[in-house]
Each structure stands twice: as structure tokens, then as C-alpha cells.
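J.: Quick one: the structure is below, and I'll ask about it shortly.
The values are calculated or read from the model by the stated rules, or taken from the named source; none is laboratory data. On a predicted model such as this, the values are computed, not experimentally measured, just so you know. When we count neighbours, we look across all protein chains shown, and the Cβ atoms used for this are built from the backbone with ideal geometry, even at glycine. Accessible surface is based on the protein model in full, side chains and every heavy atom, while ligands, DNA and RNA are left aside. Shrake-Rupley method; radii C 1.70, N 1.55, O 1.52, S 1.80 Å.
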Amino acid sequence: AEKYLEQPKFDRHQIYNALDVLAEESDFIQEKLYSNSFALGKRHCGVIYYDCTNLFFDIDEQDEDGLRKYGKSKENRPLPIVELGLFIDYDGIPLAMSVHPGNTNEQVTLKPLEEKLLSEYQMSQFVVCTDAGLASKANRKFNDLGNRAYIVTQSIKKLKADLKEWALDTQGWHRAGHPSPKSIDISKVDKDKDFDTVFYKEQWIERGGLEEKIIVTFSFKYKEYQRNIRAGQVDRAIKAIDSGKAKRGTKNQNDYRRFIAKKNITADGETAEKSALSLNTERIAEEEQYDGFYAVASNLDSDPLEIIKVNKMRWQIEECFRVVKLEFKARPIYVRLENRIKAHLLTCYIALVLYKYLDKVTEHRYSCEQLFETLKEMNMLELVGKGYVPAYKRTEITDMLHEIFGFRTDYEIVKKDNMKKILKH
């Protein structure tokens, strides 16, 4: 703030005191951000996305009472964390957020925040889209009520045996974009010709008291992508074993160490004094059978490809979390009191809303990094008694920002009276 043209008139302790006020008014602020956003255009809330992330504190011990708790870190850091839940709309613009202790099961965080959308935001008809980790029976049942519905990712590995067999069967598939009722055997199609084709199959099932549709897709392109990723991980595992520095074991689905097996028996079956590490070929073969396949579950009686399309937009919420963590430098968190942690994350949420609208009005032409770097570099040099001279390079982005917001700071000299008008704009 000390770099701004309007100099701050407050002390550091006043900032900390203000955090308590922000925390107390968090629900009110979020609701007003939502209701006031309609002045900027229609909100597309027919489909909303929910996910959780966590942010760490650079401290040694968790709180006895408080938010900073040991939990499953998304970044695999052995530090106390706090959990952030976030709803966004179909355009990726935030709707609401909530903060929980770091050891909270993320499945129980969805319903309370969604109830806030129903009561305070007066939303009633929407589809909630989440990943498999949030697709508990309770959450799916909650979104089987009223005018709500759900779309959740479905692990094929975790399907019952008969459903898994059906999902992986090469027969019974349909080509996307081809309404023919005749099914296809994907083992007999031309891989090169259909490399970019998406094949799909669907089946209604009864599960946990719910009628829902399982939709499975298959793509040779996705299969090759997954195999290339795994090949790199296997290479890392082999190099680690050959170097003698390999460490076995992790349940992380993206960690190469899952392909390292430990053997404690000699060739004649005797107990070995030392363990030997080798490549876990069984694990590799187990994973390969799922390559190219992807599944979702939904209670919607809609076109399966439309359901898949909606689900694919979940990447936007991951992008929101990336912006908060990397661009806003939201972690590690340097406040410790519960109210101030919540207020810190609220300021990040407000900034995220503003950024998403900035991205929208600039027609998604520029990356978050490009926009932020441009804004940070738009400095002005004061000429005493005359005005201000731009101390930044004029670019396509600065020209677009000036055009959108209806004022300019890139003239040879911006007189003080004009700058006052800009600051009031």
C-alpha cells in the first residue's frame, strides 16, 4: 500500500484489528459480493462446482483449540494446515467459501455451505459437480432433493465387480457425435483413424437408495497420455532402484515410488537379512487396464456427453486454488487467531472474485501472471507541481485495460486534477 498514489493512513496494529471485523462480517460480505455481481452481467449458476484445498502454516505444533491442525496436506507438507472450501459458478467465478480446521473430513463441508446458497443467496435449482472425494452418499442424497442434481467423478476401480467388468468391456460403446443405436467393439476400430474420437457407454443403477447413471468414456488419445505419464514415472522408479537410493511406498497416485516393491526373501525362500527393492510390475499392469477410461455418476437424465462436458469444467476450481496459493501468496499463513485466519482467507477470496471478473472483461486473452505483472508494473513518477509521468512500458494489455475502464494513465503527463478524477472513478 505504501507504493500507491493514495498513501495509507493507518498503522499495522489497526490492520490486525480490522481482520476481526472482516471475519465477523464474512457471510454478509460474500452474499453482497454475489448480489452486487449481477450489475456486471448474468451469473451462470445452473451448474456449480465445489472442492476443498488446504493451506499450511510454517509452525512446528498444531493448535490444541483452533484451526491449525495436522491433516492430509494437498502439498504433502508435514505441517499444520487449515481447510478452505469453495463454490464457483459455471464461468469459474466464486460464489461462496468456508474455512475449517485442517483435520476436517472434506465431505462434511459441502452441505453447510450449500445450505447457505439455498437460504442466503436464494438459489434453488442447480447441479452440483464435485470430485470423487466429495461424493459421499450423504452429499449425493442431499443433492437428490428439490430441484437439485449432482455430477461426481467415479473411480472405475471402486465399482462393484459386475459394473467394473461392464465398464472395461470392449463391447457396447457408441461414438460421440454419431447417434446410431448400433454399438461398437472398441477393440476392432481403427486406432489411428479414431485417435481423437470419444467413445461412451451408460447404465442406470440403484445404489445406496439412489437411482443414478454411470457414464464411462474411452479415448485412445487419453490412453496414450496416461501411458506416457506412467512411462516417465516408471523410468524414475528404475533410476532410483539402480542408484540404491530408492524409497518404497506411497499411496499418492502420481508418485513414482508406488512402482517400487520391497522383497524380504531370498530365492530359496529363506528370510533375508536385507531387503531388496525391485520394480512392481504387478502394480503397473493393474493400472494399465484402466488407461483411456473415465467415469462419472449422476442422477441427471440428460445427454451423457453433456454431463461429461459439464464435469470437464472442474479444472476451473483447481485454477482458482492455484491463483490463491501462487499469485496471492496465501500460504504460508502468518496469523494464528481463528478470526484472523478466516479474515486472511476472505481477503484472498475477494481478490479472487475481482481477478476472475478482470479475466472475464479482458476476454480471457491473458494469463493470470501476465495481468498481475502488468498491474504491478504500472508505476507513476510524480513531477512536483506538474502531475504524473507513466514509469511503465505501454503494452497491448495496458491499452486494453485503459479502454475497458474508461480512463488513461499513459499520457505524457497526467495532471493532478485528472489523477484525482481517476482515483475517484
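J.: Of everything in the stretch 403-418 that's under 42 Å from the mean Cα position of the chain (by Cα) and charged (D, E, K, R), which residue is nearest to GLU363 (Cα to Cα)?
T.: Within the stretch 403-418, the match that is nearest to GLU363 (Cα to Cα) is GLU403.
J.: Quick check on the stretch 225-236. Is at least one of its residues within 25 Å of GLU306 (Cα to Cα) and either within 28 Å of the chain's Cα centre (by Cα) or at pLDDT 95 or above (or both)?
T.: There is at least one residue in the stretch 225-236 that is within 25 Å of GLU306 (Cα to Cα) and either within 28 Å of the chain's Cα centre (by Cα) or at pLDDT 95 or above (or both).
J.: Another question about this same structure. So, restricting to helices (runs of 4 or more DSSP H) that lie completely within the stretch 343-425, which ones have at least 1 residues that are more than 30 Å from LEU84 (Cβ to Cβ)?
T.: Where helices (runs of 4 or more DSSP H) fall fully within the stretch 343-425 and carry at least 1 residues being more than 30 Å from LEU84 (Cβ to Cβ), they are 396-405, 416-424.
J.: Given the condition part of a helix (DSSP H, G or I), open to solvent by less than 80 Å² (accessible area, probe 1.4 Å), within 25 Å of ASP192 (Cα to Cα) and at pLDDT 85 or above, answer yes or no: does some residue in the stretch 309-316 qualify?
T.: no
J.: Of all the residues that make up the stretch 104-132, how many are free of Cβ contacts under 8 Å to residues at least 60 places away in the same chain and under 19 Å from the mean Cα position of the chain (by Cα)?
T.: 8
J.: A further question follows. Can you give me the number of residues within the stretch 302-321 that are touching a residue at least 12 places away in the same chain (Cβ under 8 Å) and within 13 Å of ASP51 (Cβ to Cβ)?
T.: Within the stretch 302-321, residues that are touching a residue at least 12 places away in the same chain (Cβ under 8 Å) and within 13 Å of ASP51 (Cβ to Cβ) number 9.
J.: A follow-up question, please. Can you tell me which residue within the stretch 58-93, out of those that are of a type in the set (A, V, I, L, M, F, W, C) and more than 23 Å from LEU113 (Cβ to Cβ), is surrounded by the most Cβ atoms within 10 Å (Cβ to Cβ)?
T.: Top of the filtered list is LEU79.
J.: Moving on to the next point. Given the criterion at pLDDT 95 or above, open to solvent by 20 Å² or more (accessible area, probe 1.4 Å) and within 26 Å of ASP51 (Cα to Cα), identify the matching residue among PHE142, PHE218, PHE126.
T.: PHE142
J.: What do you reckon, is PHE28 over 25 Å from ALA135 (Cβ atoms), touching a helix residue (DSSP H, G or I) at 6+ places or on another chain (Cβ under 9 Å) and open to solvent by 80 Å² or more (accessible area, probe 1.4 Å)?
T.: No.
J.: I would also like to ask the following. Restrict the check to the stretch 285-299 and report whether at least one residue is of a type in the set (D, E, K, R), part of a loop (DSSP other than H, G, I, E, B) and at pLDDT 90 or above.
T.: yes
J.: For LYS157, work out the one condition from (1) at pLDDT 95 or above; (2) assigned to a helix (DSSP H, G or I); (3) open to solvent by 10 Å² or more (accessible area, probe 1.4 Å) it doesn't fulfil.
T.: Of everything listed in (1) at pLDDT 95 or above; (2) assigned to a helix (DSSP H, G or I); (3) open to solvent by 10 Å² or more (accessible area, probe 1.4 Å), LYS157 misses just condition (1).
J.: Right, next: Might you let me know whether the stretch 109-119 holds any residue that is of a type outside the set (D, E, K, R), assigned to a strand (DSSP E or B) and modelled with pLDDT of 95 or more?
T.: no
J.: Filter the stretch 378-425 down to the residues that are in contact with a strand residue (DSSP E or B) (Cβ under 6 Å, 6 or more places away or on another chain) and of a type in the set (Gly, Ala, Ser), then identify the one that is least open to solvent (accessible area, probe 1.4 Å).
T.: Among residues in the stretch 378-425 that are in contact with a strand residue (DSSP E or B) (Cβ under 6 Å, 6 or more places away or on another chain) and of a type in the set (Gly, Ala, Ser), the one least open to solvent (accessible area, probe 1.4 Å) is GLY387.
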